[in-house]
């Protein structure tokens with residue numbers, strides 16, 4: 001399978017924070033969910049891919065092209081939503097159409113206005129009057145309207161209500177109906193990712209902690225809930241991390257089927273991405 | 001085609017899809033030669049990832065229920081009743097295996113197990 005995005009040994013040093021050897025690949029036609037705490041390095045990684053930050057090392061290829069050398073060519077086919085809004089507040093959505101027409105060769109005004117009406121966004125009101133959710137929708141509409149092949153979205157669903165999130169998720173799934181298109185999507189709303197992400201990349205403290213297909217994570221991983229005496233009987237190599245709460249032990253295991261085969265009738269819960277993040281970061285071994 | 005996905009059952013979603021399509025094929029609700037929805041359409045409609053539907057289809061191909069015609073799509077295969085039967089036997093063997101493991105762990109004799117099986121069969125009648 002061909003990769004639309006390849007990140008190899010990406011590193012970047014700030015005072016007090018370091019991105020260390022980030023590597024991952026995103027195949028064509030797939031959605032990758034990017035998760036991690038605030039400050040883990042998600043946005044820095046995304047900004048490096050887009051070549052917005054400087055002085056990083058490593059190799060990044062988008063559509064097989066070098067992200068620094070072929071910067072212009074790449075941006076033509078990438079749709080971006082960043083966490084911080086980049087439109088001046090005095091603009092109205094109509095202005096954005098005029099600006100983008102001159103920016104992107106493939107800008108599709110009809111598509112843009114279709115998204116505006118789908119999202120119930122006014123064409124003639126200044127952005128400063130928009131709510132947080134409306135701004136997000138405007139950014140998403142803009143990101144999609146030049147027929148990109150890769151969407152890079154940093155927290156695209158934050159600030160959206162459940163109904164709007166649903167609409168947006170539908171649009172993302174429509175987007176990958178074309179097998180040539182992929183999405184890299186960072187989100188704290190992990191339930192959104194559980195539904196649509198093919199791959200999960202989990203970044204913590206500037207390093208990749210875990211990289212798996214979402215199916216494998218949700219299907220195989222589990223949380224064993226047990227008493228202290230049961231926990232003491234467990235082999236250290238049979239679990240990833242554990243956390244002690246007031247009433248029980250929560251133990252993260254990589255393969256719940258094999259675990260229950262070995263240890264019998266423990267209570268094993270199916271895992272959510274949220275549980276996984278909490279146990280990986282707060283848990284101990 | 002109706003497929004009902006439970007997000008809380010603990011059964012992996014690809015398996016739920018696979019099993020439900022199998023049932024539809026065995027019960028002739030899906031006829032041999034019928035074109036199944038594409039991996040991507042199905043993922044979108046079920047609101048799951050593409051890899052999930054791909055896994056489900058690949059397993060259906062492996063089990064002989066579905067044919068993959070490259071660049072055309074996935075079609076319902078002519079299901080060999082023997083294959084279907086064999087598969088049910090495998091499933092039973094798997095379940096019995098778990099039962100035997102528990103029995104051995106708890107020193108329950110083969111005789112007791114046989115008796116249990118006899119009783120269960122009698123109940124069925």
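To keep it simple, each residue is scored yes or no on (1) over 23 Å from residue B:8 (Cα atoms); (2) more than 13 Å from every other protein chain (Cβ to nearest Cβ); (3) within 14 Å of the chain's Cα centre (by Cα); (4) outside any strand (DSSP E or B).
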site: A:157; (1), (2), (3), (4): yes, yes, yes, yes
site: A:164; (1), (2), (3), (4): yes, yes, no, yes
site: A:191; (1), (2), (3), (4): no, no, yes, yes
site: A:212; (1), (2), (3), (4): no, no, yes, no
site: A:215; (1), (2), (3), (4): no, no, no, yes
site: A:219; (1), (2), (3), (4): no, no, no, yes
site: A:231; (1), (2), (3), (4): yes, yes, no, yes
Scope segment A:145-169; condition without any contact (Cβ under 8 Å) to a residue 24 or more places away in the chain and over 21 Å from residue A:93 (Cβ atoms); matching residues: A:162, A:166
Has segment A:235-242 got any residue that is within 21 Å of residue A:194 (Cβ to Cβ), outside the structural domain of residue A:211 (by TED's automatic domain parsing) and modelled with pLDDT of 85 or more? yes
Residue count for segment B:27-62, restricted to those that are more than 8 Å from chain A (Cβ to nearest Cβ) and either modelled with pLDDT of 90 or more or surrounded by 14 or more Cβ atoms within 10 Å (Cβ to Cβ) (or both): 20
Sole exception among (1) within 12 Å of chain B (Cβ to nearest Cβ); (2) closer than 24 Å to residue B:15 by Cα; (3) touching a strand residue (DSSP E or B) at 6+ places or on another chain (Cβ under 7 Å) for residue A:173, by number: (3)
Might you check whether a residue that is free of Cβ contacts under 8 Å to residues at least 60 places away in the same chain, more than 26 Å from residue A:168 (Cβ to Cβ) and buried (at least 21 other Cβ atoms within 10 Å of the Cβ) occurs anywhere in segment A:47-54? no
A careful count of residues in segment A:122-139 that are part of a helix (DSSP H, G or I) and either more than 15 Å from residue A:110 (Cα to Cα) or at pLDDT below 90 (or both) gives 10
Considering only residues that are in contact with a helix residue (DSSP H, G or I) (Cβ under 7 Å, 6 or more places away or on another chain) and buried (at least 16 other Cβ atoms within 10 Å of the Cβ), look in segment B:68-83 and name the one that is farthest from residue B:13 (Cα to Cα). B:79
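The values are calculated or read from the model by the stated rules, or taken from the named source; none is laboratory data. As the structure is a computational prediction, the values presented were derived from the model and not from experiment. Cβ: placed from backbone, ideal geometry, glycine included. Neighbour counts: every protein chain shown.
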